[in-house]
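This report refers to the structure that appears directly beneath it.
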Amino acid sequence: MRGMINEEIINMIREMTVLDGNEDIKETDALIDLGIDSMKLVELIVNIEIHYEIEFSDTELSPSELITVEDIIKLAGGYVG
């Protein structure tokens, strides 16, 4: 299940970036380096909540703790699977 979550979230991130489809997105990539600024981060969080029918706690959504792709995957993984 985790592998599927990883892939789905990476695909959501890819759709929000200017990367072409051939560039790899790694879990260690910083969101800001992928073009995910604070506004896009909010959009990504909402998309994940809708997609997985979950609602994150506000205390978990600190931008200072959501730095990498892996941070987003771990956050979602705590609610899904």
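Over all directions, average the projected area of the Cα convex hull of the chain and note it in nm². Its Cα hull, projected and averaged over all orientations, spans 4.9 nm².
Give me the net charge of Ser62's neighbourhood, meaning all other residues with Cβ under 14 Å from the Cβ of Ser62; Lys, Arg count +1, Asp, Glu -1. Intermediate values should be presented prior to the final figure.
Numbers: positive: Lys74; negative: Asp58, Glu60, Glu65, Asp71.
Local charge sum for Ser62: -3.
Taking Cα centroids, how far is region 57-74 from region 1-41 in Å? Each part reduced to its Cα centre gives a spacing of 13 Å. Close amide-amide hydrogen proximity is noted between Thr68 and Leu31, each under 5 Å apart and 5 or more residues distant or on a separate chain (H modeled in the peptide plane; Pro and chain starts excluded).
Using a 1.4 angstrom probe on heavy atoms only, work out the carbon and sulfur share of the accessible area of the chain in %. Each step should come with its number before you reach the end.
Values: 2550 of 5050 Å².
About 50 percent, which is the carbon plus sulfur part of the accessible surface.
The values are calculated or read from the model by the stated rules, or taken from the named source; none is laboratory data. A quick note: this is a predicted structure, and the numbers were derived from the prediction, not measured. Backbone-built Cβ (ideal geometry, glycine too); neighbour counts: all protein chains shown. Just the protein is used for accessible areas: all its heavy atoms, side chains included, with ligands, DNA and RNA removed. Shrake-Rupley method; radii C 1.70, N 1.55, O 1.52, S 1.80 Å.
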